[in-house]
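Down below is the structure, laid out as structure tokens.
The values are calculated or read from the model by the stated rules, or taken from the named source; none is laboratory data. Keep in mind it's a predicted model, so treat the numbers as computed, not measured. Note that we place each Cβ from the backbone using ideal geometry, even for glycine, and neighbour counts take in every protein chain shown. What goes into the accessible areas is simple: the full protein's heavy atoms, side chains included, and nothing from ligands, DNA or RNA. Shrake-Rupley method; radii C 1.70, N 1.55, O 1.52, S 1.80 Å.
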Amino acid sequence: MRKPIKGFSKLSKLDKIEWIAATYFTDADAAKHAITQYWNTDQKLQQLHDEFIENTITNYYLPFGVAPNFLINGKLYTIPMAIEESSVVAAASKAAKFWLNRGGFKSTVISTTKNGQVHFMYQGDFDKLQQFFKAVKPKLIEDSQHITKSMKKRGGGILDIKLIDKSEHLKDYYQLHATFETLDAMGANFINSCLEQFAKTFKTEALHFDDFSEAESRIQIVMSILSNYVPDCLVRVEVSCPVEDLSEDQSITAKEFAHKFVQAVKIAEIEPYRAVTHNKGIMNGIDAVVLATGNDFRAVEAGVHAYASRNGSYSSLSHAEIVDEVFTFWMEIPLALGTVGGLTNLHPLVKVALEMLDQPTAKELMQIVAAAGLAQNFAALRSLTTTGIQEGHMKMHLMNMLNQQHATNNEKEIIIAHFKNNTVTHSAVETALSNLRRMRND
Ligand code: MEV
């Protein structure tokens, strides 16, 4: 039986690997090799990665690809994407190329407000709490000046703090709901530091508020934390063209395609089973750029899906319509992103990604990320409503299958050529490869 290990984090990297290999693997040497083969030979670079997190034992590679020809607000971008799914970059590139000659992507940042809450319990009269809040609010802001000073100088900072009564939903529960402008920073540390300071001041000042009874003065702070639900940090992106210009695929007329496409979007608007997959396609594009640019994709995911359910039922993030024979496809999504601070100053590939994007402001990055999401959704719906998704998917997956079969470069070339005009399936690839190998051995 395995025993828990004490002081694991204090072990050296090699000792950690030794212990893992000996404890969990039948072939400890093979495991050690699999883990250490990804170490970077540049010691400094490796140390940088080791220190991003606790207990690093190696690096986990993801492909870093690029999707060129993205015309966004009249400017051409090559978009960096970090993702493992084989068809995503190809689909983004295809959609970018499609819209390049049809006006490109138009994107506008609607708002950039972020928020966070001090969650607390208060037993007493709400009017008195309101009076206390009114009296203490200037001090909440004043006491956090040491945190907000430089952000304020650059034009950001605390926008407002409101007292919210939540006691109807949970006995004695109230919050300070604060709003922030964090400019080019994602702002998580800034917001959390401000909130913790508000909590400290709020609790201390309550003890001395004359109108409070003894019980009322003992406010219990439960927690202070930013919210990843950012419905007021919103970007809109759209593509639009006359219906007749949509034609490219010979198997379907432009008009037929436009109507089928709008139907597909409307299905995702009213059917949660479809909406989840539809939005997953959008997130294929969004997460890949968010990750490549060193942003927090978990925060973005959580916020986006909450937004997709804001009307009480999970629904499509994107929308489409045909008005006066003009096709328009658009979405509004919440994106709290940063182009300074965090990993953006540290990870060498994040620096490459940001430079490739011309060192965007956070607002520009919101526009780029949203365009990548809409492009991905367009590409998916275009395949789904015409050829079906598997044709493209399996073609892209072919390389993975060939690698699984340990195909040589020459074998890959021959098999890929063969599948240009044949349907890709697992068994078809296996058969083609074994036929090729048999022919060569004969
Ligand atoms: C696959 O990663 C994403 C799609 O399923 C999205 C969609 O169905 O719209 C193709």
field: Two-site label geometry, Met356 and Glu84: point separation in nm, points 7 Å out along Cα→Cβ
entry: 2.0 nm
message: Let's test this: bin the Cα-Cα distances of the range 272-418 at 5 Å from zero up to the farthest pair and state each bin's percent.
response: 2, 9, 15, 16, 14, 14, 14, 10, 6, 2, 0
task: With label points built 7 Å along Cα→Cβ from the Cα atoms of Ile5 and Ser434, find their separation and express it in nm.
output: 4.1 nm
- request: Skip the ligands, DNA and RNA, and give the accessible area per residue of the chain with a 1.4 Å probe, whole Å².
  value: 53 Å²
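Given just the C-alpha atoms of the range 149-227, how large is their convex hull per residue in cubic angstrom?
Convex hull of Cα atoms, per residue: 108 Å³.
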statement: Counting only backbone N atoms under 15 Å from a point 7 Å out along Cα-to-Cβ of Glu325, the residues of the range 219-242 in range are 241-242
- line: Tilt, helix 426-441 to longest principal axis of the chain (alpha-carbon atoms), in degrees rounded to tens, equals 40 degrees
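What are the semi-axes of the equivalent ellipsoid for the range 225-342, taken as the square roots of 5 times the Cα gyration tensor eigenvalues, largest first, in whole Å?
30, 16, 12
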task: Using a Förster distance of 35 angstrom, determine the FRET efficiency expected from the C-beta separation of Asn40 and Ser193, and round it to 0.05.
output: 0.60
message: Can you give me the C-alpha center-to-center distance between the range 1-35 and the range 196-242, rounded to a whole angstrom?
response: 43 Å
message: Which one, Tyr122, Gln145, Ala206, is farthest towards the positive end of the dipole of the range 114-226 when Lys and Arg carry +1 and Asp and Glu -1 on their Cβ?
response: Gln145
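Report the Rg/Rh value for the range 63-115, based on alpha-carbon coordinates and the Kirkwood definition of Rh.
Answer for the range 63-115: 1.07.
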- line: Plugging the Cβ-Cβ distance of Tyr60 and Phe297 into 1/(1 + (r/R0)^6) at R0 = 22 Å yields, to the nearest 0.05, a FRET efficiency of 0.95
- prompt: In debye to the nearest 20, how big a dipole does the range 114-226 give about its Cα centre with +1 on each Lys and Arg Cβ and -1 on each Asp and Glu Cβ?
  reply: 520 debye
Cα-based helix-to-principal-axis angle, 188-207 vs the chain, degrees rounded to 10: 20 degrees
- prompt: Can you pull the percent of Cα pairs in the range 61-204 with separation above 26 Å?
  reply: 51 percent
Kirkwood hydrodynamic radius of the range 268-315, Cα pairs, Å: 11.1 Å
5 Å binning of all Cα-Cα separations within the range 1-113, expressed as whole percents from 0 upward: 2, 9, 13, 13, 12, 10, 9, 9, 8, 7, 6, 2, 0
message: If you fit an axis through the alpha-carbon atoms of helix 88-100 and take the longest principal axis of the Cα set of the chain, what angle between them do you get, 0 to 90°, nearest 10?
response: 90 degrees
- request: Compute the convex hull volume of the Cα atoms of the chain, divide it by the residue count, and report the result per residue in Å³ as a whole number.
  value: 222 Å³
query: Using just the C-alpha positions of the range 393-441 as equal point scatterers, what log10 of I(q)/I(0) does the Debye formula give at each q in 0.15, 0.18, 0.25, 0.33 1/Å?
result: -0.31, -0.46, -0.91, -1.59
field: Equivalent-ellipsoid semi-axes of the range 8-50, from the Cα gyration tensor, Å, largest first
entry: 20, 14, 6
statement: By the mean-Cβ-within-10 Å protection proxy, highest first, 12-19, 304-311 rank as 304-311, 12-19
